[in-house]
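These notes are about the structure you will find just below.
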């Protein structure tokens with residue numbers, strides 16, 4: 001027991017803690033996820049976040065201490081997102097033929113995602129800075145934070161809303177698609193990437209390569225469109 005306490009004190013004070021905790025917890029969550037047949041409610045990202053948050057709270061570990069180690073994984077998010085471009089490149093001719101419908105679908109999805117969030121927040125009479133932070137909720141977190149800053153919102157809250165949106169979308173989408181029925185793998189992937197950015201794209205890639213390719217495309221299109229259009233529209237409103 002004494003050795004365990006000494007090990008814990010050592011790890012919690014070094015960058016090894018954040019790195020080790022993240023890798024171990026995600027590996028366990030991923031194993032459980034596969035054992036349960038990739039059930040949506042067993043999403044490994046969701047349970048990794050929950051368990052890590054509980055661990056940091058119970059151990060009274062400051063977030064900067066955790067992130068000093070987890071930043072090595074955070075760095076790999078960039079290359080991971082770029083890697084999503086490869087399935088799109090393999091389908092470049094197909095995507096070129098569908099360029100106009102895909103652009104219109106991306107615009108419609110982005111307007112629905114942003115507009116519904118802002119409208120509901122406004123109807124609930126939430127503070128203005130929270131409404132501005134909600135606007136980019138369906139864009140990947142780093143871009144959502146940048147957009148929220150331009151809108152004079154709260155970048156940290158924008159990141160929270162973005163992560164929650166991604167998790168909710170990845171968990172609920174399989175059930176919604178089942179109820180709707182008849183949707184192609186491409187349509188499902190594009191919807192996931194539009195509404196749930198990187199988390200949704202990762203889920204789509206696990207289900208089907210075609211679905212993952214279209215999810216990655218939708219993710220990229222939402223980043224570009226939202227970064228340009230949301231601040232522009234906000235100036236007029």
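Quick notes on this structure:
Here is a yes/no grid of residues against (1) assigned to a helix (DSSP H, G or I); (2) in the same structural domain as residue 176 (by TED's automatic domain parsing); (3) in contact with a strand residue (DSSP E or B) (Cβ under 6 Å, 6 or more places away or on another chain); (4) within 23 Å of residue 168 (Cβ to Cβ):
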residue: 20; (1), (2), (3), (4): yes, no, no, no
residue: 32; (1), (2), (3), (4): yes, no, no, yes
residue: 38; (1), (2), (3), (4): no, no, no, yes
residue: 45; (1), (2), (3), (4): yes, no, no, yes
residue: 53; (1), (2), (3), (4): yes, no, no, yes
residue: 64; (1), (2), (3), (4): yes, no, no, no
residue: 70; (1), (2), (3), (4): yes, no, no, yes
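- Matching residues in the stretch 123-170 - criterion: being assigned to a helix (DSSP H, G or I) and at positive phi: none
- Matching residues in the stretch 116-160 - criterion: being surrounded by fewer than 18 Cβ atoms within 10 Å (Cβ to Cβ), free of Cβ contacts under 8 Å to residues at least 24 places away in the same chain and farther than 17 Å from residue 227 by Cβ: 116, 119, 120, 122, 123, 124, 125, 126, 127, 128, 156, 160
- Any hit, the stretch 56-64, residues being out of contact with any helix residue (DSSP H, G or I) (no Cβ under 7 Å at 6 or more places or on another chain) and closer than 16 Å to residue 26 by Cβ: no
- In the set (1) within 16 Å of residue 117 (Cβ to Cβ); (2) modelled with pLDDT of 85 or more, the condition left unmet by residue 234 is number (2).
- Qualifying residue in the stretch 174-181 (condition: modelled with pLDDT of 85 or more and closer than 20 Å to residue 82 by Cβ): no
- Among the numbered conditions (1) without any contact (Cβ under 8 Å) to a residue 60 or more places away in the chain; (2) crowded, with 20+ Cβ neighbours inside 10 Å, the only one that residue 219 does not meet is (1).
- Number of residues in the stretch 13-46 that are surrounded by fewer than 18 Cβ atoms within 10 Å (Cβ to Cβ) and either at pLDDT 90 or above or under 22 Å from residue 71 (Cα atoms) (or both) equals 12.
- The stretch 53-90, residues that are within 15 Å of residue 201 (Cβ to Cβ) and surrounded by 10 or more Cβ atoms within 10 Å (Cβ to Cβ): 77, 78, 80, 81, 82, 83, 84, 85, 86, 87, 88
- Residue in the stretch 92-106 that is assigned to a helix (DSSP H, G or I), in the same structural domain as residue 232 (by TED's automatic domain parsing) and under 19 Å from the mean Cα position of the chain (by Cα) present: yes
- Every condition in (1) over 14 Å from the mean Cα position of the chain (by Cα); (2) surrounded by fewer than 24 Cβ atoms within 10 Å (Cβ to Cβ); (3) touching a residue at least 40 places away in the same chain (Cβ under 8 Å) holds for residue 213 except the one numbered (2).
- Scan the stretch 185-203 for residues that are under 12 Å from the mean Cα position of the chain (by Cα) and without any contact (Cβ under 8 Å) to a residue 40 or more places away in the chain and the total you get is 3.
The values are calculated or read from the model by the stated rules, or taken from the named source; none is laboratory data. Remember, predicted model here, so these are calculated numbers, not experimental data. In this analysis, Cβ positions are derived from the backbone assuming ideal geometry, glycine residues included, and neighbour counts consider all displayed protein chains.
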